[in-house]
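Contents: one structure, followed by commentary.
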Amino acid sequence: MDNRGSILIMTLTFIFVFSLLGVGTIYHATCQNEDSEKLRASMQAFWLADGGIEYARRSIPAVVNENDTSLGQGFYQVQSTIDQTDVNGNPIAFDVISLGRVQAQGQRRRKIHAVIATAEANIDKVFKTRGPIKNYDPPDDPDDSGQCDPPSSVDWICSEVEPNSDFSLTSTFNMTLEDFYNTTHHEYEDPAPSDIAIEDLDDLVIIKLVDNFSVQLPSRQIEGAGFVLIDTTEYTGEKVPTVSIEGTGNCPEGEGEDCGNFSGILYIIGEAKIAGNPVFRGAAFVEGSPVEVTPVTGNATFRFDAQAVDDALGDVNNGQISEFKIHLWEELPC
């Protein structure tokens, strides 16, 4: 009798223990399933929010104000506002907030903020270099006129010149060197002065220096404005590459007052020396190492010209590489 009672107690104990294990396993599996559902719903909400950002990008130049738009198993809402315009008042940057939400074990929400901008850049200097400018004397005028003694006989306004600046092609124009090569219709490699067609300088042009240490832009009058990129990333020579913008600034009779000018954007990747005697209107950049010194020689006149910069960027826009791209992306707490 005692043995049978013991066996019964042991059997009931085993049944109880295994019942607890079974209930625990089922509860754990249920919790895991709920957690998986929540995670899946959260990821769906994230992709809905990200989809709202892309919808806003594709809707540009229009602003969007979408509320509770159904997509898949959830909803998104997205609002965009104009953040920046160019000199003509055209929008070039948009601020976008997008929220995605999915119902699963409660509501799962994800929010994304983005700034979407075109290749239009906030350019306000006539000359920027990553390193120092040789013999450049910063402004030191008692009357605060903004004039100073630049290298040689170069004429520029000191407030429009910025040496030792941190910038790159991508940070300035929101596009890469590969973008340029994929788009330009005018590409030269180690050109002689007579090789460069004057009409090309009213467009998007890449001039690649490999063996030739010097490039000379034509000295004739240039109508409109262009974007000229000098690429020295594969340069093999020992001499510092020299970019000459030919011209006297003094126009022969009958040629008008703009002869010998360059208008637009000149962007140099690598170390370079700037030479020549033209009237330069627009913006020039030398993206070399911060330790490299940029010499500037000749009797050139440099003036920042917002319209020339805008026209040059218009050449980039026409090449369709400056489509609106995501410039800043961040997830925000809901």
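The values are calculated or read from the model by the stated rules, or taken from the named source; none is laboratory data. Please read all numbers here as calculations on a predicted model, not as lab measurements. Every residue, glycine as well, gets a Cβ built from its backbone with ideal geometry; the counts of neighbours run over all protein chains shown.
Return yes when T232 is without any contact (Cβ under 8 Å) to a residue 40 or more places away in the chain and among the β-branched types (V, I, T) and no when it is not. Before you say what the answer is, go through the steps one by one.
Numbers: without any contact (Cβ under 8 Å) to a residue 40 or more places away in the chain: no; among the β-branched types (V, I, T): yes.
Answer is no for this residue.
Can you pull out the residues in region 215-238 that are under 27 Å from the mean Cα position of the chain (by Cα), in a loop (DSSP other than H, G, I, E, B) and modelled with pLDDT of 80 or more?
Correct list: T232, T233, E234, Y235.
Could you list, in sequence order, the residues of region 74-92 that are touching a strand residue (DSSP E or B) at 6+ places or on another chain (Cβ under 6 Å) and either touching a residue at least 60 places away in the same chain (Cβ under 8 Å) or surrounded by fewer than 18 Cβ atoms within 10 Å (Cβ to Cβ) (or both)?
Passing the criteria: Q79, T81, I82, D83, Q84, T85, D86.
Of the residues that sit in region 155-188 and are of a type in the set (V, I, T) and within 15 Å of V205 (Cβ to Cβ), which one is surrounded by the fewest Cβ atoms within 10 Å (Cβ to Cβ)? Spell out how you get there, then give the answer.
Of all residues in region 155-188, those of a type in the set (V, I, T) come to 157, 161, 170, 172, 176, 183-184.
Applying the additional criterion that residues be within 15 Å of V205 (Cβ to Cβ) yields 183-184.
On the way: T183: 17, T184: 20.
Restricting to residues being of a type in the set (V, I, T) and within 15 Å of V205 (Cβ to Cβ), the top hit is T183.
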